[in-house]
Structure formats: C-alpha cells, structure tokens
Amino acid sequence: MTSACIIIDRDRTIGTVDRRLFGSFVEHLGRAVYNGIYEPGHPTADQHGFRQDVLALVRELGVTTVRYPGGNFVSSYRWEDGVGPRDQRPRRIDLAWHSIETNEVGLDEFATWARLADTELMLAVNLGTRGIEAAVDLYEYANIKSGTSLADARIDHGTPEPHDVRMWCLGNEMDGPWQVGYTDADAYGRLAAQTARALRRADESLELVLCGSSKPDMPTFGAWERTALMHAYEVVDYISCHAYYEELDGDAPSFLASGVDMDRFIEAVAATADQVRAELKSDKMMKISFDEWNVWYNRRFHREDKITDPQKWPYAPRLLEDRYTVTDSVVVGGLLISLLNHSDRVRAASLAQLVNVIAPIMTEPGGPAWRQTIFYPFADMARMSGDVALDVVVEAPTHPTARYGEVAAIDAAATIDSSTGELSVFVVNRSLHAAIDVEIETRGLETTAVAESTGLWDADRHAANTLEQPQRVTARPASARLEGGRLRITVPPVSWTALRMR
Ligand code: AHR
C-alpha cells in the first residue's frame, strides 16, 4: 500500500465559494428538453408537462443555476418563436443539431421549470444570426415588470411576474466554425461590447458573460480572449471557458488526470484577462464562468451518421447520450476539484449538460429516470461544500501520464463552512491499480468526528448505470477514521471520496 498526505491549514484560504459553481446547462438538443425534462404523457408529468421524477433528481443533484437555451442551438434561435399560444408557435429547422424544433417549450415554460427545480435561470442570447435588438427585446420580455409592449405580451401569455434573469451570456462559442454565424475575435468583441452596453443602459446590475474560446486547443486560444476582452473588458463581468474530456486511444492515465488540463486552462485564461486589465489600467478583476464542462465522447459523436436532408430531420432524437462509467465519474470529480481550487477566479460554472444529453440524469420515454455515475461526485460536492475554499497541499506518489508528464496520483480540495465550522474534503485517486492510504493533517482546525464519508469506485472501472441496471453503481460508504486526532482514509484505485468533518 502506498501513502499520501493532505495538509489543510485553516489560515490558507483561496476565497469564498460562489454557489453558482454548481450550475448546469439545458440546451434544446436531442432529448434534453423534449422527452427529457418535458414529457406531457409521462405518468409523473405535472400540469405543465414536466416530469416530476426528473425534477426530484435535479433537486437531489443540487444544481444552483441552469444555462439555457444553448449552446450551439442559441446561435440561430429566435426566442420569440418560443413564447405565446403554443398552437401558434412555428416548427423550425434547427441548424445546430439537424433536428426539428417545435417550440412547445420556450422561455416562460423553462423559467417555470427552473423555479420548480430550485435553480437560477441564466440566459444566452443569439449573437450568431441576430444581435443587439433581439437581445434587448428578450431582456424587455424577460425582466421588465409591465407597461411596455414586450413586458405586457409576457403578461398576456400568462406570466405576470418578470423572470428577473441576472446572468446573460453574450452568444456561444463564437470562434467555432461549427457555430452558425461564427466570426473573428475583433468582430465578436465589438458586437458583444455593443450588446453589453445596450443591456446595461436598461439595467447596470446585469451580470454579463463574454465568450472565450470554445476549447483550450482552438488555434486562436489566447489571442481570441485578449482581443475580445480589449473590446469588452469594462462592460462584462465574466469570460467563459468550455472544456470537454474523453479517454483518447485507450490512454486512461492521462484521462484520469484531466483536472491538470483544466487547472492550466483556467490559469491561462486568468493570466490573459489580467494582462488586458494591466493594459487597460482597469481596477476590475475579470471573473471566469466555466459554463460548459464535462466528459464527452465527442469523437464517437462525430462518427455518428448525420442526416443531411432537412426534410428528414427528426424531433427529439437520441443525440450525445453518453453512458458514463466509474472512470468518467472520477474524472468529473477531478474537474470539480479543479473548479473548487480556482474558486477565487471561477465564480460560476455549468456542468454540461443536465438531462439525457451528456448528462448526469437519464430518462426513458414513458419509463424511469436514473442517475449516471457522474451524478454522485457532483451531488456530493454541491451538498457538502462550505462557503470558503482552503488551499490544500498534497504529497502523493506520482502518476505518470503521456499528456501531462508525472502528476500526483491524489488530487484534493477542501472547504470550510464558516457558520458551522465543518470541514469538507474531496479526494480523487487517479491511480489505475494502487489503493492509497491518505492521512489528512489539519492545522488550526480540530476535527472531532466524521459526519459524512462517501465515495464511488468499483472493481470494474468500466461499470455504468443503464435502463436495465439503473443502480449498478451507487455511492458507497468511505473508510474515513479518526486515529489519535489524525484523519485517515484508504482510497481505492480510480475512486472519488467526499468527507465532512465536525
Ligand atoms: O454541450 C454540447 C455542445 O458543446 C454545445 O452546444 C456547444 O456549446 C459545445 O460545443
């Protein structure tokens, strides 16, 4: 058995943890909305057509925000199509996902769903095929109380109270050639800044997100951030990061160390933003909204047959329905640890996505809903994280990887709850074969009892939950023990562990 040590010092804080770190994302894509959250004929559907079994799982997952309606979808979306009498809403072709959009669900319905799910709605505006005017109209419809044409239209449509949306994303992945209306950083930066200025004329307190690069390996990564920020720095609050990870060519050790890539990505974006801040002599620190992150078997998706003829595009097809393994859940745990360890800069994040589409929650039409493996680390951290992140020191055996060189086999993050004094520690073991005996040394903190100790691992790291076996992989009690004032735990290979201590 090899051993490791995690040192936690009460005085070494990273900063406060914004609850928006535990956000999610629902796009009009595949079966995320239709036959996902919304299935009017389902036995658990409420009067709005929302599946209550799904809503219960979303609440259990603990997501604090939900980004909507895209994603790639938003870049050719007309938000007006999704409001007003349902029988008059148009059917449209969706250029992003080669599907038919019926518009049965639009802003008002989704805002109702978000309220029922106890989560904050975060809206993305279309800067692909549209621009300032449509964004301001959407703002008027969503946020103005009454007495204007669009606010009164919302009231006539049966939604008397404004949605009061605080966070607005200025487009989506506008550097990606797959995006309808994709463009260069200069053109995007100008349009985003103009849209931000217009929205701010109406409400200075809106929180606005500028699109960063769609992934760290985009050829323009870095230059895109710098140029777009030079245009928009003073009128936006966040720059976005997106990153998806998959096991490539059987390289599980590198895949298990994906958190290292996320660490470097966040640090590079923060450094670029700080350079712009210095150039502009600004007082403001640019926050990061990591508003798309997850494991996604993207290569598999690109091999799937695409239907080219729009006459044959389907309604709510099964798209991006990745089945997540134990290994995937440990990677997701590592990504959550990376987010928490950068919570001074990352003030919002969205697990992409929520239901059916690269999702922690799966559903079968007319049938059950179940938790995928990645549900567990997310739910653990959302539930157990305190409000202050602590800067942990990890001393661990090395884990050799082809992509990142030698990294630590153990990664960890910790928080303290400033009102109860409870300490939470989150640990992943990236090693494929070694169980590791971990000692957690606390300084300036006395731990008197283990209040909660849970985790996820399996003898078969490829095990997954499916319709046939929805409970194949579930949370397990972890083996944390207090010995002579020191906390010890043995973490199995490829495992996630979450602890809460008094
Ligand atoms: O989440 C799936 C897709 O990934 C989103 O639509 C897009 O923004 C990203 O490329």
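Per-residue answers, yes or no, for (1) surrounded by fewer than 24 Cβ atoms within 10 Å (Cβ to Cβ); (2) within 29 Å of S343 (Cα to Cα); (3) within 21 Å of the chain's Cα centre (by Cα):
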{"position": "T2", "(1), (2), (3)": "yes, no, no"}
{"position": "C5", "(1), (2), (3)": "yes, yes, no"}
{"position": "T13", "(1), (2), (3)": "yes, yes, no"}
{"position": "F25", "(1), (2), (3)": "no, yes, yes"}
{"position": "R31", "(1), (2), (3)": "no, no, yes"}
{"position": "A45", "(1), (2), (3)": "yes, no, no"}
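If you go through the stretch 279-302 and keep only what is out of contact with any strand residue (DSSP E or B) (no Cβ under 6 Å at 6 or more places or on another chain) and more than 16 Å from the ligand (Cβ to nearest atom), you end up with E279, L280, K281, S282, D283, K284, M285. Scanning the stretch 385-407 for residues that are in contact (Cβ under 8 Å) with a residue 24 or more places away in the chain and outside any loop (DSSP other than H, G, I, E, B) returns V388, A389, L390, V393, V394, E395, H399, P400, T401, V407. Is one or more of the residues making up the stretch 223-236 touching a residue at least 40 places away in the same chain (Cβ under 8 Å), buried (at least 19 other Cβ atoms within 10 Å of the Cβ), in contact with a helix residue (DSSP H, G or I) (Cβ under 6 Å, 6 or more places away or on another chain) and part of a loop (DSSP other than H, G, I, E, B)? Within the stretch 223-236, one or more residues are touching a residue at least 40 places away in the same chain (Cβ under 8 Å), buried (at least 19 other Cβ atoms within 10 Å of the Cβ), in contact with a helix residue (DSSP H, G or I) (Cβ under 6 Å, 6 or more places away or on another chain) and part of a loop (DSSP other than H, G, I, E, B).
For the condition touching a Lys or Arg at 6+ places or on another chain (Cβ under 6 Å) and aliphatic (A, V, I, L, M), V165 does not qualify. Are there any pairs, at least 6 apart or on different chains, whose C-beta atoms fall under 8 Å, with the first in the stretch 25-40 and in the same structural domain as T65 (by TED's automatic domain parsing) and closer than 12 Å to S99 by Cα and the second within 16 Å of the ligand (Cβ to nearest atom) and in a strand (DSSP E or B), and if so, which? Every condition considered, the pairs that remain are H28/D94; H28/E101; L29/S99; G30/S99; R31/V355. Restricting to the stretch 200-218, and then to whatever is away from the ligand (no atom under 16 Å from the Cβ) and either modelled with pLDDT under 95 or out of contact with any Leu (no Cβ under 9 Å at 6 or more places or on another chain) (or both), can you tell me which residue is nearest to V276 (Cα to Cα)? My answer is E207.
On the given criteria, is R92 in the same structural domain as D380 (by TED's automatic domain parsing) and over 18 Å from L138 (Cβ atoms)? For R92, the condition - in the same structural domain as D380 (by TED's automatic domain parsing) and over 18 Å from L138 (Cβ atoms) - is not met. Across the stretch 65-81, the qualifying residues are those that are of a type outside the set (G, A, S) and part of a helix (DSSP H, G or I), and the one among them that is surrounded by the fewest Cβ atoms within 10 Å (Cβ to Cβ) is D81. Residues of the stretch 147-180 that are under 26 Å from A193 (Cβ atoms) and of a type in the set (D, E, K, R): D164, R166, E173, D175. Per the listing G62, G41, G84, the residue uniquely on the phi > 0 side of the Ramachandran plot, more than 15 Å from the ligand (Cβ to nearest atom), more than 19 Å from the chain's Cα centre (by Cα) and surrounded by fewer than 22 Cβ atoms within 10 Å (Cβ to Cβ) is G84. Only one entry in I14, I7 is touching a Ser or Thr at 6+ places or on another chain (Cβ under 7 Å) and more than 30 Å from I155 (Cβ to Cβ), namely I14. Scanning the stretch 188-213 for residues being over 13 Å from L170 (Cβ atoms) and either buried (at least 17 other Cβ atoms within 10 Å of the Cβ) or of a type in the set (A, V, I, L, M) (or both) gives a total of 2. Against the definition (over 18 Å from S240 (Cβ atoms), touching a residue at least 40 places away in the same chain (Cβ under 8 Å) and in the same structural domain as G82 (by TED's automatic domain parsing)), how does A153 come out, yes or no? So A153 passes the test. As for the stretch 444-460, it holds at least one residue that is of a type in the set (A, V, I, L, M, F, W, C), at pLDDT 95 or above and within 24 Å of the chain's Cα centre (by Cα).
The values are calculated or read from the model by the stated rules, or taken from the named source; none is laboratory data. Quick caveat, the model's predicted, so the values are computed rather than measured. Counting neighbours? That spans all protein chains shown, and the Cβs are built from the backbone with ideal geometry, glycine included.
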